[in-house]
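Structure first, commentary second.
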Amino acid sequence: MKRLTYLLLVGIVLLSLGSGNAFGQAAASAALQGTITDQSDAAIKGTKVEITSKEQGWTRNTDTSEAGFYRFELLPAGIYSIKVNAPGFSTAEAKEVVLQVGATTTQNFTLKPGSVSEIIEVTSALALVDQQKMDVSTNITRNKFRNCR
């Protein structure tokens with residue numbers, strides 16, 4: 001009976017140690033959100049939002065809500081390109097949007113009435129303050145990691 005209890009206890013400990021790694025991996029992601037409006041600050045619902053990672057070679061799409069809001073979650077940290085299309089408006093694009101681990105980046109667009117062939121490019125500056133996150137953290141680069149050894 002003692003041996004069975006011991007084996008059960010060891011099994012539980014091993015399972016709990018293994019699950020800690022899975023939770024650590026889930027935190028290594030980023031999110032992107034924003035609002036699409038017209039020049040009068042009215043929300044544009046049903047706007048097609050496309051995010052592309054050229055580094056990893058994939059694209060994801062979503063549509064804005066009734067309030068003109070969009071959100072992408074569980075994105076790998078990296079540099080992305082975002083393209084926004086709405087009927088009756090010019091296409092807008094933000095190139096080289098940087099998403100950092102554990103951060104929610106906000107990229108808003110203001111669309112102008114125009115033809116489909118018109119493209120407006122929005123240059124994005126890296127936000128110094130993440131308004132969605134309330135804790136203090138630091139990014140660990142490859143160089144910092146190598147210097148710690």
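The values are calculated or read from the model by the stated rules, or taken from the named source; none is laboratory data. The structure presented is a predicted model; accordingly, all values stated were derived computationally and were not measured. Positions of Cβ are generated from backbone atoms using ideal geometry, with glycine treated the same way; all protein chains shown enter the neighbour counts.
Can you tell me which of Lys95, Lys54 is surrounded by 15 or more Cβ atoms within 10 Å (Cβ to Cβ) and charged (D, E, K, R)?
One residue alone meets the criteria, Lys95.
List the strands (runs of 3 or more DSSP E) that sit entirely inside region 1-119 and contain at least 2 residues that are of a type in the set (D, E, K, R), at pLDDT below 95 and out of contact with any His (no Cβ under 6 Å at 6 or more places or on another chain). Spell out how you get there, then give the answer.
On the way: elements: 30-38, 48-53, 58-63, 69-75, 78-85, 91-99, 104-106, 109-111.
Answer list for region 1-119: 91-99.
So Ser137 fits all but one of (1) more than 17 Å from the chain's Cα centre (by Cα); (2) closer than 17 Å to Ala31 by Cα; (3) at pLDDT 80 or above; what number is the exception?
Looking at each condition in turn, Ser137 falls short on (3).
In region 65-114, which residues are more than 13 Å from Leu32 (Cα to Cα) and of a type in the set (S, T, N, Q)?
If the condition is that a residue be more than 13 Å from Leu32 (Cα to Cα) and of a type in the set (S, T, N, Q), then Ser65, Asn85, Ser90, Thr91, Thr110 are the ones that fit.
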